[in-house]
Amino acid sequence: MVVAGAILGVLGLGFDSEWLGLFGLLVAVGAAGALAAFLLVSERQRDERIGEEIERLSAEHARLSDQLITAEQEERRRLALILHDGAVQSMSGIALMLDAVMAAVEAGRNEEANRILATALEKQRETIRSLRDLSFQLEPVVLRDQGFSPAVRALADQLGMSNRIQIDLDVESAEALSEHAQVAIFQIIREALHQAIRRGPPTRVSVRLAEIAGGSFEAVIADDAPGERRRGSFDAIAERARSLSGRLTVDPGPGGGTTVRIVFPPYRVHR
């Protein structure tokens, strides 16, 4: 319309027709005004959409930050409870036993002292084992020193023997992932195994890691634990999956139990 009005205006000037030139000028000015208004509205709508997206992303970031803080607080609470009810109580008991040993030695009751001391030593060994297990759960040294597959096997052997579970592993493909991805996926596997034990316990668990179409990476942990599945119990796994932009799905297994599947985009897990 702007071009058409301008052409009419030029034709009017060329043919000495004032009314045609004036009409063309009015058309061009009106069309230019309408175009400017349209562009202004479009720009304003675009700015509004950008603003809404920024607000949505800010809200999502705040939500994830709150969930991360909550998860960290829960983890600290859990560790404090484990240490208080485990190692701290054991060490307190050992201290009382050693006091009893000293009293027995001073009273000349050597046989009693030896018996109490032997009990204290066994209690100390149990405490060392429990602290070693806790250290392994927090950050297994074998993951850092020997690699991902040995760390997962050590975890599977520990949980399998202590709970009489057969744990099948297919995890060698994770050796090609970044260190950050390996740590996060190891924690996901550990959490999924512990949840299966709490629900069941299961008799069999399979852990499979593999690269899938498009270069994405998939982790599948399937168990036959008969317990009830509660969505809230998988929040810890979901949080760890989100740290790698992973998509979590939790489905009932074909023969009972639960299948946990997480798909990670290639750009978040590969070196």
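The values are calculated or read from the model by the stated rules, or taken from the named source; none is laboratory data. Not measured: the values here are computed from a predicted model. Neighbour counts are summed over all protein chains in view; Cβ atoms, including those assigned to glycine, are modelled from backbone coordinates with ideal geometry. Keep in mind that these areas ignore ligands, DNA and RNA; they rest on the heavy atoms of the full protein, side chains included. Shrake-Rupley method; radii C 1.70, N 1.55, O 1.52, S 1.80 Å.
If the condition is being open to solvent by 10 Å² or more (accessible area, probe 1.4 Å) and in a loop (DSSP other than H, G, I, E, B), then the stretch 252-271 contributes G253, G255, P265, R271.
The lone criterion from (1) hydroxyl-bearing (S, T, Y); (2) open to solvent by 20 Å² or more (accessible area, probe 1.4 Å); (3) in contact (Cβ under 8 Å) with a residue 24 or more places away in the chain left unmet by T249 is number (3). Scanning the stretch 170-203 for residues that are over 12 Å from the mean Cα position of the chain (by Cα) and surrounded by fewer than 17 Cβ atoms within 10 Å (Cβ to Cβ) yields D170, E172, S173, E175, A176, S178, E179, H194, R198, T203. Can you pull out the residues in the stretch 83-95 that are closer than 17 Å to T119 by Cβ and either in contact (Cβ under 8 Å) with a residue 60 or more places away in the chain or loosely packed, with under 12 Cβ neighbours inside 10 Å (or both)? If the condition is that a residue be closer than 17 Å to T119 by Cβ and either in contact (Cβ under 8 Å) with a residue 60 or more places away in the chain or loosely packed, with under 12 Cβ neighbours inside 10 Å (or both), then S92, A95 are the ones that fit. Looking across the stretch 204-220, the residues that are open to solvent by less than 40 Å² (accessible area, probe 1.4 Å) and either of a type in the set (G, A, S) or under 20 Å from the mean Cα position of the chain (by Cα) (or both) come down to V207, L209, A210, G215, S216, F217, E218, A219, V220.
Among the conditions (1) at pLDDT 75 or above; (2) surrounded by 10 or more Cβ atoms within 10 Å (Cβ to Cβ); (3) farther than 30 Å from A154 by Cβ, the only one that G108 does not satisfy is (2).
Which of the residues spanning the stretch 148-169 are part of a helix (DSSP H, G or I) and open to solvent by 40 Å² or more (accessible area, probe 1.4 Å)? Hits for the stretch 148-169 are R153, D157, Q158, M161, S162, N163. Count of the stretch 137-147 residues, restricted to those that are buried (at least 20 other Cβ atoms within 10 Å of the Cβ) and in a helix (DSSP H, G or I), is 1.
Here A210 does not fit the description of being among the small types (G, A, S), closer than 24 Å to R247 by Cβ and in a helix (DSSP H, G or I).
The residues of the stretch 233-246 that are crowded, with 18+ Cβ neighbours inside 10 Å and either closer than 14 Å to S216 by Cβ or among the β-branched types (V, I, T) (or both), listed by number, are I237, A241, L244, G246. Please find, within the stretch 169-197, the residue that is modelled with the highest pLDDT out of those that are of a type in the set (D, E, K, R) and under 15 Å from H270 (Cβ atoms). Once the filter is applied, the top-ranked residue is E175. Remark: pairs (first residue in the stretch 128-148, among the hydroxyl-bearing types (S, T, Y); second residue at pLDDT 75 or above; Cβ separation under 7 Å; 6+ apart in sequence or on different chains) = S130/G86; S130/A87.
Taking every residue in the stretch 192-219 that is over 20 Å from E175 (Cα atoms) and pairing it with any residue that is of a type in the set (V, I, T) and in a loop (DSSP other than H, G, I, E, B), at least 6 positions away or on another chain, the pairs with Cβ-Cβ distances below 7 Å are P201/I165; P202/I165; T203/I165; R204/I165; V205/I165.
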